[in-house]
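Derivation of every value follows stated rules applied to the coordinates shown; laboratory data play no part. Source: prediction; values computed, not measured. Note that we place each Cβ from the backbone using ideal geometry, even for glycine, and neighbour counts take in every protein chain shown.
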Amino acid sequence: MSTITTRPASPEDAASMSCLLNAIIAKGGTTAHTTPFDRDRMTDHYILSPDLVCCTVALEGNQIVGFQTLHHADPNWPGDDKVPEGWAIIASFVAEGQQGKGIGKHLFAATLAAAKAAGVQAIDATIRTYNTPGLAYYRGLGFVDYRQTDQSISKKFVVEPAI
């Protein structure tokens, strides 16, 4: 069995990350994304976003099998689902057929370390109500519900400061 490793994502990963996410979008049922990503959109939205805390890829050998991003919450967000200042928003994606290998736990370890280093107070994970695997994943990491709408459940993880 191959070992899962993680590292920061780079623009060179954008094509592979787009393929991974586009397969999830095409299957449906676990992401709010409905428009496929190309290299430029992936780079701008996830890898080099100005509000980025971190974007981490998980690899099995040389193949990207997942990625996770953490962005500072937008203090000027006009919606009802505004996330408090000092919080960050997480997004996680694992390649089809790769769930259950611990990829998400490896990714979250890297993300949590980056969150602590950046002084993030809490992490928001807003998941569609129909995304049962996503809800279970975040619950398993210790996220707790704090807000719900007809279409989504928002969970939070309080980040203990780095020592």
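Pick from Thr126, Thr35, Thr111: which is most flexible by mean-square fluctuation in a GNM of the chain where alpha carbon atoms under 10 Å apart are linked?
Thr35
Using a Gaussian network model on the chain with a 10 Å cutoff between Cα atoms, which of Gly61, Gly119, Gly79 fluctuates the most?
Result for the chain, Cα springs under 10 Å: Gly79 fluctuates most.
Treating only the Cβ atoms of Lys and Arg (+1) and Asp and Glu (-1) as charged, compute the dipole magnitude of the stretch 84-163 about its Cα centre; round to the nearest 20 debye. Can you show the working numbers first?
Numbers: 8 positive and 6 negative charges, 38 e Å.
Dipole magnitude for the stretch 84-163 comes out near 180 debye.
Run through the stretch 68-156 and list the chymotrypsin sites (Phe, Trp or Tyr not before Pro) located in a DSSP loop whose Cβ has at most 15 other Cβ atoms within 10 Å.
Numbers: sites: Trp87, Phe93, Phe108, Tyr130, Tyr137, Tyr138, Phe143, Tyr146; in loops: Tyr130, Phe143.
Hits after loop and neighbour filter: Tyr130.
In the stretch 60-128, which GluC sites (Glu not before Pro) fall in coil by DSSP and have 13 or fewer other Cβ atoms within 10 Å? It would help to have the intermediate numbers written out before the result.
Details: sites: Glu60, Glu85, Glu96; in loops: Glu85, Glu96.
Filter output for the stretch 60-128: Glu85, Glu96.
Need one word for the chain: rounded, prolate or oblate. Basis is the Cα gyration tensor (sqrt eigenvalues a ≥ b ≥ c); a/c below 1.5 gives rounded, then a/b vs b/c decides. The partial results should precede the final answer.
Values: a/c = 1.34, a/b = 1.23, b/c = 1.09.
Rounded.
Given Cβ point charges of +1 (Lys, Arg) and -1 (Asp, Glu) and nothing else, what value in debye, to the nearest 20, does the dipole of the stretch 1-101 about its Cα centre take? Intermediate values should be presented prior to the final figure.
On the way: 6 positive and 12 negative charges, 68 e Å.
With only Lys, Arg, Asp and Glu charged at Cβ, the dipole is about 320 debye.
Just check the stretch 65-161 against the gyration tensor rule for me: Cα atoms, a ≥ b ≥ c as the square roots of the eigenvalues, rounded for a/c under 1.5, and otherwise prolate or oblate depending on whether a/b exceeds b/c. Mind dumping the intermediate values first?
Details: a/c = 1.87, a/b = 1.19, b/c = 1.58.
Oblate shape, in that a/c is at least 1.5 and b/c is the bigger or equal ratio.
Quantify how much of the Cα-Cα distance distribution of the stretch 18-104 extends past 14 Å, in percent. Spell out each step's value before the answer.
Values: 2543 of 3741 pairs.
Result: 68 percent of Cα pairs exceed 14 Å.
Would you mind ranking Thr5, Thr34 so that the residue whose beta carbon has the fewest other beta carbons within 10 Å leads the list? Display every interim value, and only then the final one.
Working: Thr5 12, Thr34 7.
Placing the least packed residue first, the sequence is Thr34, Thr5.
When the helix-only estimate is applied to the chain (DSSP H runs of n ≥ 4, each -39,500 (n - 2.57), divided by the residue count), what is the mean residue ellipticity at 222 nm, nearest 500 deg cm²/dmol? Show your work: numbers first, answer last.
On the way: 4 runs with 44 residues, N = 163.
That calculation yields -8000 deg cm²/dmol at 222 nm.
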